[in-house]
Amino acid sequence: MPPASEPVDLARLKLRLRISDNGHDQRLSHLISAARERVERETGRVFLTQTWLETRDSWDGDGRLCAFATQFKLLKPPLIAVESVTITAADGSSALWPASAYFIDSAMEPGRIVLRPDSVFPQAGRPAAGIAIRFRAGYGDTADSVPGPLREAVEVLAASLFTDGNSNGGSIQDGLPGPVRSLIAPWRRVSL
C-alpha cells in the first residue's frame with residue numbers, strides 16, 4: 001500500500017525548479033512519486049509509513065532466518081510493527097500465529113521477528129505462499145519524519161527527471177545523478 005503523502009512537497013519542488021504556474025503540477029507530482037520509489041529501491045528502505053504483505057513458502061531459504069533459527073529478518077527498514085503472521089494449512093484453512101509466541105525487534109535494521117523461549121517458527125502446510133506476514137514500515141507519517149538527506153535525494157532526483165525529460169526529448173537517463181548517489185550513500189544496503 002503506497003504512503004498517504006510524499007516526502008517532498010510539490011510547492012518545494014516548484015520553487016527549486018523556478019516554476020510559478022500550475023501547468024506542470026500533475027507531471028511534477030508523478031515525478032516526486034517516481035523519485036521516491038527509485039530512492040527507496042536504491043536504499044532498500046521505506047520512507048513514509050506503508051503497509052506491506054510478504055508471502056513466503058517457508059521461513060528459510062534466503063538467509064533471513066538467523067541466530068540458530070530463532071530470528072527472522074524482515075525487509076524494508078525501518079520496521080514499525082508486525083500486524084499479523086498468518087499460516088495456511090494443507091487443507092487451505094488459515095490461522096494467525098499468536099503474537100505471544102514472538103516479539104518484534106524494531107530497533108535493529110532490518111527489523112526482526114524473534115522467538116520467545118520454547119517457541120518455534122510454524123511451518124505452513126500449503127507448499128506455496130503458506131506464510132503471510134503483514135507489517136508496517138517507514139520513518140513516520142509526515143515528510144519531516146524522513147531523514148533530511150533522503151528527502152533531498154528525492155527532490156534532487158525529481159528535479160533532474162523533470163529537467164532531463166524536458167531537454168532530452170522526454171528521455172530519462174538510467175543512472176542516478178551524482179548528488180543523489182552522494183546523498184543516499186550512507187543509507188544504501190550493504191551486501192556481503
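Of all DSSP beta bridges in the chain, what percent run antiparallel (nearest 5)? For the chain, the DSSP antiparallel bridge percentage is about 95. Only the Cβ atoms of Lys and Arg (+1) and of Asp and Glu (-1) were treated as charged; on that basis the dipole of segment 50-137 about its Cα centre amounts to roughly 160 debye. The slack in the chain from T55 to A90, taken as 0.36 nm per residue of separation less the alpha-carbon distance, amounts to 11.0 nm. Each residue of segment 82-87 was assigned a 3J(HN,Hα) from its phi angle through the Karplus expression (A = 6.51, B = -1.76, C = 1.60, θ = phi - 60°), giving 9, 7, 6, 10, 10, 10 Hz with x at Gly and Pro.
Quick check: pseudo-label points 7 Å beyond the Cα along Cα→Cβ at M108 and Q26, how many nm apart are they? That separation, rounded to one decimal, is 4.8 nm. The region of the chain that goes longest without hitting one of the trypsin sites (Lys or Arg not before Pro) in a DSSP loop, each with at most 15 other Cβ atoms within 10 Å, is 19-187. Its DSSP H runs of at least 4 residues, each contributing -39,500 (n - 2.57), put the calculated 222 nm mean residue ellipticity of the chain at -9000 deg cm²/dmol, to the nearest 500. Compute the helix-to-body angle for 25-43: its Cα long axis versus the longest principal axis of the chain, expressed 0 to 90° and rounded to tens. Helix 25-43 sits at roughly 50 degrees to that axis. Take every pair of alpha-carbon atoms less than 8 Å apart whose residues are at least six positions apart; their mean separation over the length of the chain yields a relative contact order of 29 percent.
When the chain is treated as a GNM with alpha-carbon contacts under 10 Å, the residue of L115, L96, L157 showing the greatest mean-square fluctuation is L96. A straight line joining the Cα centroids of segment 38-116 and segment 138-163 runs 26 Å.
With the convex hull drawn around the C-alpha atoms of segment 50-137, the volume per residue stands at 90 Å³. Which of these values of percent of Cα pairs over 27 Å apart was calculated from the structure shown: (i) 27; (ii) 41; (iii) 30? Identified label for the calculated read-out: (ii). Could you grab the relative contact order for segment 1-84? Cα pairs under 8 Å, six or more apart, rounded to a whole percent. This gives 32 percent for segment 1-84.
Across segment 50-137, C-alpha contacts under 8 Å between residues 6 or more apart give a mean separation that, scaled by the residue count, equals a relative contact order of 46 percent.
Between D62 and S5, full extension at 0.36 nm per residue minus the direct alpha carbon distance yields a gain of 17.3 nm. Think of the chain as having a plus end and a minus end, set by charges on the Cβ of Lys, Arg, Asp and Glu; of S5, A143, L161, L161 sits farthest toward the positive end of this dipole.
A short reminder: the numbers here are calculations on the coordinates, not readings from a lab. This is a predicted model, so every value here is computed, not measured. When we count neighbours, we look across all protein chains shown, and the Cβ atoms used for this are built from the backbone with ideal geometry, even at glycine.
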